[in-house]
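All remarks here apply to the structure that follows.
The values are calculated or read from the model by the stated rules, or taken from the named source; none is laboratory data. What you see is a predicted model, and the numbers here were worked out from it, not measured in a lab. Note that each Cβ is placed from the backbone with ideal geometry, even for glycine, and that neighbours are counted across all protein chains shown.
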Amino acid sequence: MKALVCVKRVIDYNVKIRVKTDKSGVETENVKMSMNPFDEIAVEEAVKLKEKGVIDEIIVLSIGADTSQETIRTGLAMGGDRGVLVKTNGQEIDPLNVGKIIKSVFDKESPDMVILGKQAIDDDCNQTGQILSSLLDCHQATFASKVEVNDDKTINVTREVDGGLETIKISIPCVITTDLRLNEPRYASLPNIMKAKQKKIDILDINELNIDLKRRVETIEVNEPPERKPGVIVNDVDSLIDKLKNEANVI
Ligand code: AMP
């Protein structure tokens, strides 16, 4: 089986986000960027399935500027086989268009499964996997916390839902989105980082895919969250209960 794993380059989750002074977005100049954490989980799951002998090839796909090659290399150092970069001109691309781009790579590569993060931590959209499965008209399993491929190539996916855990069975080709508890991504070892430098990355120009990339969503303004009030230290449980009853707005 062949897996296409989507990895987005985002601001590192440890970085304190700064909003641009003109409120048009967030500052990304001289800011540490990393692979979206849910995408690390997606790569790890594909590598685990490869180690089990279920998957033969892992293609790591990113859509972004040239710098996204670094993110692809991280995926290759974790165990991906080759990469594809769909090169943009640095423009923001909304999930519908990301879905269309992934579909066009899917049509070229014919993978059996596409694994994505459940959400990118920069836009928090949680839409791309769902949109992609609709564009591909294939099965989807979102928020996966366990993935088991059966002998007949159907896949049992356990999903975290409000009431507990739901297990569903899907057929290939399919779209799977990863939840936090699916696995713990490995760190790439130095020898694997060196080996990844030799792995191939195909670069496709976004303008040559013949996709209508008109944005359907316009960002009007980005603002910092309101500053949190400082906390209050109470002396004992009774005063805590008193504050909760009478000053609920202190929290
Ligand atoms: P979102 O719907 O934007 O929250 O993103 C969900 C998932 O879609 C991410 O975790 C990635 O796996 C994938 N994705 C979104 N944008 C990109 C991108 N520019 N390049 C590669 N994958 C992406």
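Some notes on this structure:
- Under the condition of being more than 8 Å from the ligand (Cβ to nearest atom), under 16 Å from the mean Cα position of the chain (by Cα) and not β-branched (V, I, T), the residues counted in the range 104-121 number 1.
- Considering K200, K195, K118, the condition of being closer than 22 Å to M35 by Cβ, at pLDDT 95 or above, charged (D, E, K, R) and touching a Lys or Arg at 6+ places or on another chain (Cβ under 7 Å) is satisfied by K200 alone.
- Applying the set (1) assigned to a loop (DSSP other than H, G, I, E, B); (2) over 21 Å from the mean Cα position of the chain (by Cα) to A188 leaves exactly one unmet item: (2).
- Test set (1) farther than 14 Å from M113 by Cα; (2) within 16 Å of the ligand (Cβ to nearest atom); (3) touching a helix residue (DSSP H, G or I) at 6+ places or on another chain (Cβ under 6 Å) - S68 fails condition number: (3)
- Top-ranked residue of the range 124-142 - restricted to ones that are closer than 21 Å to V54 by Cβ and not in a helix (DSSP H, G or I), ranked as nearest to the chain's Cα centre (by Cα): T142
- Conditions (1) of a type in the set (A, V, I, L, M, F, W, C); (2) farther than 18 Å from C125 by Cβ; (3) in contact with a Cys (Cβ under 9 Å, 6 or more places away or on another chain); number of the one not met by A65: (3)
- For the range 144-181, the tally of residues that are part of a loop (DSSP other than H, G, I, E, B), touching a residue at least 24 places away in the same chain (Cβ under 8 Å) and hydroxyl-bearing (S, T, Y) stands at 1.
Conditions tested, residue by residue: (1) among the hydroxyl-bearing types (S, T, Y); (2) touching a strand residue (DSSP E or B) at 6+ places or on another chain (Cβ under 7 Å); (3) buried (at least 21 other Cβ atoms within 10 Å of the Cβ).
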{"residue": "G99", "(1), (2), (3)": "no, no, yes"}
{"residue": "K103", "(1), (2), (3)": "no, no, no"}
{"residue": "P111", "(1), (2), (3)": "no, yes, yes"}
{"residue": "I115", "(1), (2), (3)": "no, yes, yes"}
{"residue": "I121", "(1), (2), (3)": "no, yes, no"}
{"residue": "E148", "(1), (2), (3)": "no, yes, no"}
{"residue": "L204", "(1), (2), (3)": "no, yes, no"}
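- The criterion of being more than 12 Å from the ligand (Cβ to nearest atom), buried (at least 21 other Cβ atoms within 10 Å of the Cβ) and not in a loop (DSSP other than H, G, I, E, B) does not hold for L85.
- Residues (among the polar types (S, T, N, Q) and either surrounded by fewer than 16 Cβ atoms within 10 Å (Cβ to Cβ) or away from the ligand (no atom under 13 Å from the Cβ) (or both)) located in the range 28-55: T28, N30
- When K195 is tested against the conditions (1) surrounded by 11 or more Cβ atoms within 10 Å (Cβ to Cβ); (2) more than 16 Å from the ligand (Cβ to nearest atom); (3) under 21 Å from the mean Cα position of the chain (by Cα), the lone failure is (3).
- Every residue from the range 148-179 that is at pLDDT below 95 and hydrophobic (A, V, I, L, M, F, W, C): V161, L165
Table: residues versus (1) within 10 Å of the ligand (Cβ to nearest atom); (2) of a type in the set (G, A, S); (3) at pLDDT 95 or above; (4) over 22 Å from G25 (Cα atoms).
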| residue | (1), (2), (3), (4) |
| --- | --- |
| G64 | yes, yes, yes, no |
| T74 | no, no, yes, yes |
| G90 | no, yes, no, no |
| I101 | yes, no, yes, yes |
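- Unique residue being part of a helix (DSSP H, G or I), exposed (fewer than 11 other Cβ atoms within 10 Å of the Cβ) and over 21 Å from the mean Cα position of the chain (by Cα) when the list is E224, E208: E208
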